[in-house]
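The values are calculated or read from the model by the stated rules, or taken from the named source; none is laboratory data. In this text, all values refer to a predicted model and were calculated from it rather than measured experimentally. Every residue, glycine among them, receives a Cβ derived from its backbone with ideal geometry; neighbour counts consider all protein chains shown. The area values use the complete protein model at the heavy-atom level, side chains included, leaving out ligands, DNA and RNA. Shrake-Rupley method; radii C 1.70, N 1.55, O 1.52, S 1.80 Å.
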There are 2 protein chains.
Amino acid sequence: MPTPNHTPVPDYAAMLQVALAEARIGLSEGGIPIGAALFNRQGELISSGHNRRVQQNDPSIHGETDAFRRAGRQTSYRDLIMVTTLAPCWYCSGLVRQFGFRTVVVGESENFSGGIDWLRSIGVEIIDLASPDCITLLADYIRENPHIWNEDIGEPAP
Amino acid sequence: MPTPNHTPVPDYAAMLQVALAEARIGLSEGGIPIGAALFNRQGELISSGHNRRVQQNDPSIHGETDAFRRAGRQTSYRDLIMVTTLAPCWYCSGLVRQFGFRTVVVGESENFSGGIDWLRSIGVEIIDLASPDCITLLADYIRENPHIWNEDIGEPAP
């Protein structure tokens, strides 16, 4: 039987595992456990990163911006997939829009939904995997570190 | 005669000079001439920075994100003023929204208007100084470096 001639479906769950591993590294460093990764359409890893607010005292490094910077200079992001353990905040949603990412895989949007509805409204494909591992990892962190979490999203202290 | 009891108007033009000096430093380093600075409501400089895409091969460092990171961790941005030589792109507009800046001073929006209408629509005060110095500095750069400029805003090469 001939092999069907189709484009393979990207293995989003496997991609999320890379972002989740980054989040866990962040936690082990004493940081906020949010990770991200960029892949091409062939499923090859381009870069990965994690939130480094606590570790580097740098509020600009969210998981998504860390993965983005580590990918280096690219001429186009149209065919790259942004994978993140948590729905991107407005800052990172703006990054997605400005640089023309067309697909964003989010581990979860239960702890925080950020700008995903806005991204959907402008035609960005959002794949929400509703991962219990991602939900639990961040929910536990937020419960134990509410001030750091609120600082990370620019909210007043709880 | 008693001194009138009023809040002094911030000197936005003087603030812009700090951002413009950063833009010129960027140009002298061989980079894209866009600079930014954060001030408090008393007019005190908190931080400043400039685009470092070329210098550090880092696409995540726009003028605004550089000034933001150099301000370090802050618990609130409500009373800080973001000053930038150019209207913020979507990425930097998302930063403004997520972290709750209420006032953004832009040197110009002629070369690029980014997300300023969106920011206005959500209640952010945008003060556009339409500075000829800012317009000329960036327009000259774009004319001589169209590919780098397009890369910086995620557009296809011209």
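Observations, loosely collected:
- Relative contact order for chain B: 17 percent, from Cα pairs under 8 Å spaced at least 6 residues apart, divided by residue count.
- Mean per-residue shielding of peptide A:69-82 is 3, counting Cβ atoms of other chains within 10 Å of each Cβ.
- Taking the label point 7 Å along Cα→Cβ, B:ASN57 and its counterparts in the other copies are spaced 2.8 nm apart, in ascending order.
- The label-point distance for B:HIS147 and A:ALA14, in a model that sets each label 7 Å from Cα toward Cβ, rounds to 3.5 nm.
- Loss of accessible area when A meets B, both sides summed, Å² nearest 100, probe 1.4 Å: 2800
- The range A:1-84, accessible area per residue, ligands and nucleic acids excluded (1.4 Å, Å²): 46
- The rotation axis bringing chain B onto chain A passes closest to the chain B residue reported with its distance as B:GLY94, 1, by C-beta distance in whole Å.
- Rounded if a/c under 1.5, otherwise prolate or oblate - the range A:106-158, Cα gyration tensor axes: oblate
- Rounded if a/c under 1.5, otherwise prolate or oblate - the protein assembly as shown, Cα gyration tensor axes: oblate
- Ellipsoid semi-axes in whole angstrom, largest first, where each is sqrt(5λ) of the Cα gyration tensor of chain B: 27, 16, 15
- Antiparallel bridge percentage (DSSP; both residues within the protein assembly as shown; nearest 5): 55
- Whole-percent pair-distance distribution, where bins are 5 Å wide, for the alpha carbons of the range B:75-141: 4, 19, 31, 23, 14, 7, 2, 0
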